[in-house]
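In what follows, a single structure is set out as structure tokens and then discussed.
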2 protein chains.
Amino acid sequence: METIEQILESKNIRVTAMRLLIYKFLAENQVAATLSDVENAFEKADRTTLYRTVKTFVERDIVHQIDDGTGIVKYALCEQNCSCEIETDLHLHFHCNNCNETVCLTEHKIPKIKVPDGFVSENINLVVKGMCDKCSGQ
Amino acid sequence: METIEQILESKNIRVTAMRLLIYKFLAENQVAATLSDVENAFEKADRTTLYRTVKTFVERDIVHQIDDGTGIVKYALCEQNCSCEIETDLHLHFHCNNCNETVCLTEHKIPKIKVPDGFVSENINLVVKGMCDKCSGQ
DNA sequence: AAAATAGATGCATTGGAAGTGCATTATTGC
DNA sequence: GCAATAATGCACTTCCAATGCATCTATTTT
Ligand SMILES: [Mn+2]
Ligand SMILES: [Mn+2]
Ligand SMILES: [Zn+2]
Ligand SMILES: [Zn+2]
């Protein structure tokens, strides 16, 4: 079991108090978080610091960015050993139109998608919208 | 062959000069257009009018809104008889990371996607990112 | 240890895009 | 033509992303 410190260091991210806190926040959160969510969790911290911290995490592939169609970017921790590139890392995301929460369905990989001749697929974003388990009442 | 006037009227959209122009612009455009694209095409028109015209088109299901992950909404005409809802209308979109253009791949329908128990799928957004045919050099 | 360097954080400000309230103009139905 | 209704235009607001620069902190070098 790697500690958070080790995870950060393995990605050449300097360990700071703030970064540890933000990492923990994302780790404890079951749903993808917006920057505002992070802000609300750390009211004393500066918005820019939070913004840049999360951005660093994304650049170093320990957090992935989710575009669920709401127009507001959401963030979630990557799985261990995720490279954020290989096809096997691509999972689908579910956005609940009722509670507005977005979750990673990491077990649900994205199926092979055919594209026309001449097009080269490098990445795939798949978002399913509807009613989440909590909101559908079962 | 329906005229544009007939298409608008069939969806209870009043025919105005501006709306005809915007419709034609979208029809001639092979790639999905941002609001800025529309603005640039009609510099004399007011931004709000363009915004609300496109919005009306979306609400009446003659234009669909595309969220390709760039953070900027894009618009494209729906196909004839599109309801924007039925599963058979859902096609995939391709976003080129090189030229930044997004195109509808209307022939490529979105495959069935399984979601976990309790989740109810109502809509699916599938965007493939990579290199388009023009940019890949073939 | 002190100095030098690099990196992180905080504050102020900017920019872009979406959205709205309200006055004016055009269109429609009578 | 007149009244009602819808479309358009202008001004303004809100929201989030992003950046320049000063300051503080940690690391490295001497
Ligand atoms: Mn995810
Ligand atoms: Mn499309
Ligand atoms: Zn929900
Ligand atoms: Zn291209």
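The values are calculated or read from the model by the stated rules, or taken from the named source; none is laboratory data. As the structure is a computational prediction, the values presented were derived from the model and not from experiment. Every residue, glycine among them, receives a Cβ derived from its backbone with ideal geometry; neighbour counts consider all protein chains shown. Keep in mind that these areas ignore ligands, DNA and RNA; they rest on the heavy atoms of the full protein, side chains included. Shrake-Rupley method; radii C 1.70, N 1.55, O 1.52, S 1.80 Å.
Laid out as a table, the results:
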read-out	value
Long-range HN-HN contacts of B:V115 with modeled amide H, under 5 Å	none
Gaussian network model of chain A, Cα within-10 Å springs - most flexible of A:E43, A:E79, A:E59	A:E43
Spatially proximal aspartates and glutamates relative to B:K112 (Cα-Cα < 14 Å; intrachain offsets below 8 disregarded)	B:E87, B:D89, B:E122
Between helix A:47-59 and chain A: long-axis angle, C-alpha atoms, 0 to 90°, nearest 10	50 degrees
P(r) of the protein assembly as shown over all Cα-Cα pairs, binned every 10 Å from zero, in whole percent	6, 25, 30, 24, 12, 3, 1
Cβ-vector label at 7 Å, B:N98, separations to other copies in nm	4.5
Inter-copy spacing of B:D61 label points, which lie 7 Å from Cα along Cα→Cβ, given in nm from shortest upward	4.4
Centre separation in Å (Cα based) which lies between region B:31-68 and region A:68-138	27 Å
Accessible surface of region A:4-130, 1.4 Å probe, proportion on carbon and sulfur as whole %	46 percent
Where Cα atoms sit under 18 Å apart: lysine pairs in region B:1-78 separated by 8 or more or lying on different chains	6
Ranking by accessible area, most exposed first, for A:K11, B:K129, A:K112 with a 1.4 Å probe	A:K112, A:K11, B:K129
Phi-based couplings in Hz for region A:68-85 (Karplus 6.51, -1.76, 1.60; Gly and Pro marked x)	9, x, 7, x, 10, 5, 10, 10, 8, 4, 7, 6, 4, 6, 7, 9, 6, 10
Percent RCO, i.e. relative contact order, over region B:47-93, from Cα pairs under 8 Å lying at least 6 residues apart	27 percent
Probe 1.4 Å, accessible area per residue of region A:4-130, Å²	55 Å²
Integer Hz, Karplus 6.51/-1.76/1.60 couplings in order for region A:104-117, x for Gly and Pro	7, 9, 5, 6, 9, 6, 7, x, 4, 10, 7, 10, x, 3
Contact order relative to length of region B:4-130, as percent, for alpha carbon pairs under 8 angstrom and 6 or more apart	20 percent
Copy-to-copy label separations for A:G137, where each label sits 7 Å from Cα toward Cβ, in nm and ascending	5.9
Whether region B:52-121 is rounded, prolate or oblate, judged on the alpha carbon gyration tensor where a/c under 1.5 counts as rounded	oblate
Mean projection area, nm², convex hull over Cα of region A:4-130	8.9 nm²
Lys, Arg +1 and Asp, Glu -1 on Cβ, resulting dipole of region B:4-130 about Cα centre, debye, nearest 20	200 debye
